[in-house]
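Quick notes on the structure that follows.
Read the figures in this text as sums done on the coordinates, not as results from a lab. This is a predicted model, so every value here is computed, not measured. Here the Cβ is made from the backbone with ideal geometry for all residues, glycine too, and neighbour counts use every protein chain on show.
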Amino acid sequence: MSLIDSIVHGPSSTMADEAAELARRAQAGDVAAFERLYHTHASHVRAICMRLCADAQRAEESAQDAWVRAWERLSTWRGDAAFGTWLHRLTVNVVLESFRSERRRIARVMLSGDDEDVDAPFAASEPGDAIDLEHAIARLPRGARTVFVLHDVEGYRHPEIAAMTGLAEGTLRAQLCRARRLLMEMLDR
Amino acid sequence: MTHHLDDQTLSDLLDDGLDATARAAAEEHFAVCDACFTRMQRMRMLVASAAALPRAMPAPAGEWQRIRSRLHPAGPRGASEPWWTRRSALLAAGLALVIASSGVTALLVRGERNVAVQQPAPAVTAAALTPRLAALEHEYATVTKDLERQLAERKHALAPETVIAVERSLRTIEGAIAEAREALARDPGSETLARLLVAGHDQKVELLRRATRLVTQS
Amino acid sequence: MRRILFLWVLAMCLTSTVAAQNRFNRRLPLASDGTIRIHNLAGIVRLHGWDRDSIVATGEVGRGSKGFFMGGDRTAVKLGIDIPNDDVTTAEPSTLDVWVPAGSRVRVKSTRGMIVVDGVTGALDLGSTSGNVIVSGIPRELTVETMDGDIQLDGATVWLRARSAGGDITIRGGAEDLVSASVSGAVTVTGGPVRAARLETMTGNIVFEASIARGAVLDLGTHSGAVRVLLPKGSTPTVEATTVAAPIDNNLTPQRATIRGDGRELALSLGGDARLSVRSFKGAVTLAWGGPPLKLVNR
């Protein structure tokens, strides 16, 4: 099954079995097996990081951090979920942690003019600018973007997003609405 | 008609977040309000488009090498087998180490074949490592070279005592790496030496990464 | 005379005003699990965890500094003392005492200053280039990095990452997951219990004198530092030690290390499921039961 097939149709049971076997070998320290898992899932990890971070450099750093964390925490994968599912959630958590720990930027702190207010109203584009959905998502404020990507792009449910982000469900719904409204405004231009 | 449904209501309706009463009221409203119905459809199309976005994006070239240099060679935490029975990434079955020096027979060790091969003299005195170990060292060299370049560009922003501390530690680590590499050339089957060599590289990368972060975060 | 007296009084008033302006005392409300970012590049930071939903900062701005700042909202606060161009050579040390909700997530950064923490149970991310870092208490997560400063933890933590280049790292307490690495400084772990640990040096000595949890995985590695492992009596790990060019002195059992070239190898099982591995290029390895400190020998 090709990568495109796996994206469109989901992984076949054979692929899932193979991933599970590779994961078990990697748990025993087989770096070659881990590398094969990397080559299978790297593009998925990249996509989630790019959409959440909306910044190529940060996405690259987060993706690397996610893989390192996956290696370190392989023992916590018990086989009850598909390896790709486990890895996807781990990647999301790595990115969200990076937002929270403010390693690179301060979130939601107005200070000295040297930090970005990631919840500021988005900068409207000039009338007539063509913009596609990916670019529009990247221009959302971080909080709205996070919820939109997790819910509407990646398919997580509200309770799952609430658990990952620590936000109350009411806040999530408001952020999601805000994201959808802003996107419609951007895409209407 | 001046009354319209707000976006939060539309958004919640889309996610089945309204109770039966509110949902029925919204459906009744759509029957008499083209504007709200149209907006609902647009929101629905937006969500459908988002769900159809590709789940994959190409990873940048060289990413695996950068990740590999950060993985601890002792394996993931909690691996069930004792470390010495795990297959080593560096010295997996089939690897061979060739020692070449003037007039010395080269041996293939630990491989599927045990064959003595005559090497032509004069040979290089420096030891050639296993292909995989050499490849790993090359990956480390790529990563450290990039970090060293970043550090050199920004060194002026570091306090003088920090520069001295970093350079002193780098010399220590590089000395240890050189010793481990030379010893590995003499004892090619030593997994301990391979691990020590990799640990040295890890320490160097970590030190350079930390020093570079000191500048970029200041 | 009167004029002299007047001028003297005026000078005293001005000095007092300047001193008052250099001192600060600020308070903000902050959630019990708030995020705080603190920097004082040229001076000491003392961080205290308390049981109130607020953050208080007091201290004195050293000469040459730009001033103290503090801002944020109920979920996140940033504060510190700015110096021109972040150049610590131009400013005198400032002092900064901060009280934070105990469960906060705090990041502290300094260049020359010492960082001292007590009573924080949340997550700590501490970095000082040449200052020492001293933590007491039970932070849930602890990340500490220095270049030359020493690192000291008295207490326990779930997750610890401590790294230095030239500084010593001393951990007195327990950890679930511990990585501690120094290039030339010594790494010492006492107390325990420890469930997973990786201790690494290039030339610094490693001393492990802590109790180990069941199923623990311990990995000690050095290039030329001496390694001493003192296990509490009753410990039953499986031990594997290897050196390239140094002796292994085993006092746990009568078994002698096998000679391999200039180095030694030792593999022994004491019956339990904890695993201890020691790897050294040319640093001597000593394994013994808990007792009086043994003299380290490098032959």
With θ taken as phi - 60° and the coefficients 6.51, -1.76 and 1.60, list the Karplus ³J(HN,Hα) couplings across the range C:146-160 in order, rounded to whole Hz; mark glycine and proline as x. 9, 8, 10, x, 7, 10, 9, 10, 10, x, 8, 8, 7, 10, 9
At R0 = 30 Å, how high is the FRET efficiency between C:ARG74 and C:ASN22 if r is their beta carbon distance? Nearest 0.05 is fine. 0.55
Mind jotting down a quarter of the surface of the convex hull over the alpha carbons of the range C:199-262, in square nanometres, one decimal? 4.6
Only bridges whose two residues both fall in the range C:1-135 count here: according to DSSP, what percent of them are antiparallel, nearest 5? 35
The set of residues whose placed amide H lies less than 5 Å from the amide H of C:ALA216, leaving out same-chain residues fewer than 5 positions away, is C:ALA274, C:ARG275
Could you give the size of the charge dipole of the range C:173-299 about its Cα centre, using +1 on the Cβ of each K and R and -1 on the Cβ of each D and E, expressed in debye and rounded to the nearest 20? 300
Excluding near-sequence neighbours (fewer than 8 apart on one chain), chain C holds lysine pairs with C-alpha atoms under 26 Å apart numbering 5
To the nearest whole number, what is the average tally of beta carbon atoms from other chains within 10 Å of the beta carbons of peptide A:24-33? 6
Under the 7 Å Cα-to-Cβ spin-label approximation, C:GLN255 and B:HIS156 lie apart by a distance in nanometres of 5.9
Burial ordering of A:TRP71, C:TRP8, C:TRP99, fewest other beta-carbon atoms within 10 Å first: C:TRP8, C:TRP99, A:TRP71
Evaluate the Debye formula for the range C:22-67 with equal point scatterers sitting on the alpha carbons, no solvent, and hand back log10 of I(q)/I(0) at q = 0.14, 0.27, 0.30 Å⁻¹, in q order, two decimals. -0.40, -1.16, -1.30
In the range A:19-35, which residues have a backbone nitrogen under 20 Å from the label point lying 7 Å from C:TRP159's Cα in the Cα-to-Cβ direction? A:27
Relative contact order, percent, of the range C:142-251 when contacts are C-alpha pairs under 8 Å separated by at least 6 residues? 17
Where does each of C:HIS223, B:HIS3 land when they are ranked from fewest to most other beta-carbon atoms within 10 angstrom? B:HIS3, C:HIS223
Mean ellipticity per residue at 222 nm, deg cm²/dmol - from DSSP H runs of n ≥ 4 across chain C, formula -39500 (n - 2.57): -2500 deg cm²/dmol
Fewest first, what order do B:HIS201, A:HIS135, A:HIS158 take by the number of other Cβ atoms within 10 Å? A:HIS135, A:HIS158, B:HIS201
Per the C-alpha gyration tensor (a ≥ b ≥ c, the square roots of its eigenvalues), the range C:4-123 is rounded if a/c is under 1.5, else prolate if a/b beats b/c, else oblate; here it's prolate
Calculate the mean, over all residues of peptide C:54-62, of how many other protein chain Cβ atoms lie within 10 angstrom of the residue's Cβ. 0
Put a dot 7 Å past each Cα toward the Cβ at C:TRP8 and C:SER211; how far apart are the dots in nm? 6.6
Identify all aspartates and glutamates with a Cα-Cα distance to B:LYS145 below 14 Å; exclude those on the same chain that are fewer than 8 residues away in sequence. B:GLU137, B:GLU153, B:GLU174, B:ASP202, B:GLU206
Over chain C, calculate the relative contact order: mean separation of alpha carbon pairs under 8 Å at least 6 apart, over the residue count, as a percent. 10
Which value in nm describes the separation of the simple spin-label points at B:GLU137 and A:ASP132, placed 7 Å from the Cα toward the beta carbon? 4.5
Nearest 10 degrees is fine. How inclined is helix C:2-22 to the longest principal axis of chain C, computing both from alpha carbons? 40
